[in-house]
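Take a look at the structure below.
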Amino acid sequence: MKKIVSMFLLVMLMMAGCSTPMTNETSKEKQQSIGILLSDTGLGDGSFNDSAFRGLERAREELGILFDYREAPDGDFEGALQELVDQDHELVIGLGFSIQDALEKIAAENPDQKFLLIDGFSELDNITSITFKEHEGSFLLGMVAAMKSKTGTVGFISGADVPVIQRFEKGYEQGAKYINPSIKIIKDTANNFGDAELGKTIAEKQMKQGADFLYPAAGFTGVGAIQAAQKAGALSGGVDSDQYFIAEKSVVTSMVKKVDNAVFNITKELTNSGKIPEHAYELGLKEDGVGLAPIRVISLSPDESKKLEDAKEKIISGDITVNMQ
């Protein structure tokens, strides 16, 4: 009996020894990791940050990567980025235009580290840039707003007067006027992406001025505006992510900026080839980088649906140009 037990243990040890290299190899493959610094408002914004986080969660599930994240509510972007660099991630992501200056400084100090900047463009060799044609998707949302406005007045709330938010504004305005050239568009700038109460106050002011469809491009500030619209019985459009769940009696559709897909696809390229093919990406309707969430709350007539689809195809083909002037 002792001889049989000894032989059994010997076989088990040999099997364990044979399996060790395979386990180590698998472990090495899964060591590829990514670090991300979220934009000002952090997780839970129901919009931009949450979308990027979903992309990394998908990459973890489907590609086996590891990731870590930082938030910097105190504004110390450089410190948070350097922490991620010190963790030896394959890629460090800076999310949002407000992080660009800090990202470029840290990238210049760490030339061997790969970085990704989302919502900005950098000339530095070790930074890959991704920007979106928010104006194209916002054009379509502006069309919907004009189609469904009963007062002939709609509202737009910006989180800051910066180029990326101006793209939302310009597209929305041109889309609304494409349907109704005489439509009135009330515009306000919150200068804040994290104050839902401020968003509510601005929304209430715009609705008192006759706006019955609101489109905030203002992060968590916009969440307050959307919820105020629902309380007042007005319609609204979400931004970046499908925000229908925030106000299910108000959000007709959302201008979806597919940050999650962009993050996942870049991660996949890095995982498969060890590099990112391009220095810069600009993603619009043609590249499926932006688009509209499903239409809810109201219904579009067959004629309205056709106009919306035709406009989308014309933007893709170049027959409609959404101007930034």
Quiz item: Where the Cα atoms of the range 104-248 are projected onto their three principal axes, how long is each span, largest first, in whole Å?
Solution: 56, 32, 25
Quiz item: Given the pairs 133/205; 258/314; 231/257, which span a C-alpha to C-alpha distance of over 24 angstrom in this model?
Solution: 133/205; 231/257
Quiz item: How many angstrom lie between the C-alpha centres of the range 100-173 and the range 233-284?
Solution: 11 Å
Quiz item: Leaving out same-chain residues fewer than 8 places away, which lysines sit with a Cα under 16 Å from that of residue 148?
Solution: 177, 184, 249, 306, 307
Self-check item: Taking the chain and dividing mean pair separation by its residue count, relative contact order in percent (alpha carbons under 8 Å, at least six apart)
Solution: 17 percent
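Over all directions, the average projected area of the alpha-carbon convex hull for the range 183-325 comes to how many nm²? Could you put the intermediate results ahead of the total?
Working: hull surface 43.9 nm².
It is 11.0 nm².
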Exercise. Within 10 Å, count the other beta carbons around each residue, average over each peptide in 174-184, 47-57, 236-246, and list them highest first.
Key: 236-246, 47-57, 174-184
Quiz item: Just from its helices, what would the mean residue ellipticity at 222 nm be for the chain, if runs of 4 or more DSSP H residues each count -39500 (n - 2.57) and the sum is divided by every residue, rounded to the nearest 500 deg cm²/dmol?
Solution: -15500 deg cm²/dmol
Quiz item: Roughly how many nanometres apart are two label points built 7 Å out from the Cα toward the Cβ at residue 306 and residue 166?
Solution: 3.8 nm
Quiz item: Give me the log10 of I(q) over I(0) for the range 113-152 at q = 0.14 Å⁻¹, as the Debye formula computes it from C-alpha points; what are the numbers?
Solution: -0.50
Exercise. Would you list which aspartates and glutamates come within 15 Å of residue 268, measuring only between C-alpha atoms, while excluding same-chain residues fewer than 8 positions from it?
Key: 29, 57, 61, 62, 90, 260, 278
Exercise. Assign unit charges at the C-beta atoms only (+1 for Lys and Arg, -1 for Asp and Glu), then state the dipole size of the chain relative to its Cα centre in Debye, rounded to the nearest 20.
Key: 1300 debye
Quiz item: Once amide H atoms are built 1.01 Å from N in the peptide plane, which residues 5 or more positions from residue 285, or in another chain, come under 5 Å H to H?
Solution: 290
Quiz item: In debye, nearest 20: dipole of the range 167-325 around its Cα centre with unit charges on the Cβ of K, R (+) and D, E (-)?
Solution: 300 debye
Exercise. Mind pulling the angle between the C-alpha long axis of helix 163-179 and the longest principal axis of the chain? Nearest 10 degrees, somewhere in 0 to 90.
Key: 50 degrees
Quiz item: What is the Cα radius of gyration of the range 70-175 over 2.2 N^0.38 Å, N being its residue count?
Solution: 1.37
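Order of 202, 157 from fewest to most other C-beta atoms within 10 Å? Each step should come with its number before you reach the end.
Values: 202 26, 157 30.
With the sparsest Cβ surroundings first, the list reads 202, 157.
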Practice problem: Rounded to whole Hz and in sequence order, give me ³J(HN,Hα) for the range 254-261 from the Karplus expression 6.51 cos²θ - 1.76 cosθ + 1.60, θ = phi - 60°, writing x for Gly and Pro. | Solution: 9, 7, 8, 9, 7, 4, 4, 5
Exercise. Using only the Cα atoms of the chain, each taken as one equal point scatterer with no solvent, compute I(q) by the Debye sum, divide by I(0), and report log10 of the ratio at q = 0.13 Å⁻¹.
Key: -0.92
Quiz item: With charges only on Cβ, +1 for K and R and -1 for D and E, what is the dipole size of the range 264-310 about its Cα centre, in debye, rounded to 20?
Solution: 180 debye
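Taken together, the values in this text are just the output of simple stated rules run on the coordinates, not laboratory data. Model, not experiment: these values are computed from the prediction. Positions of Cβ are backbone-derived with ideal geometry, glycine not excepted, and every protein chain shown enters the neighbour counts.
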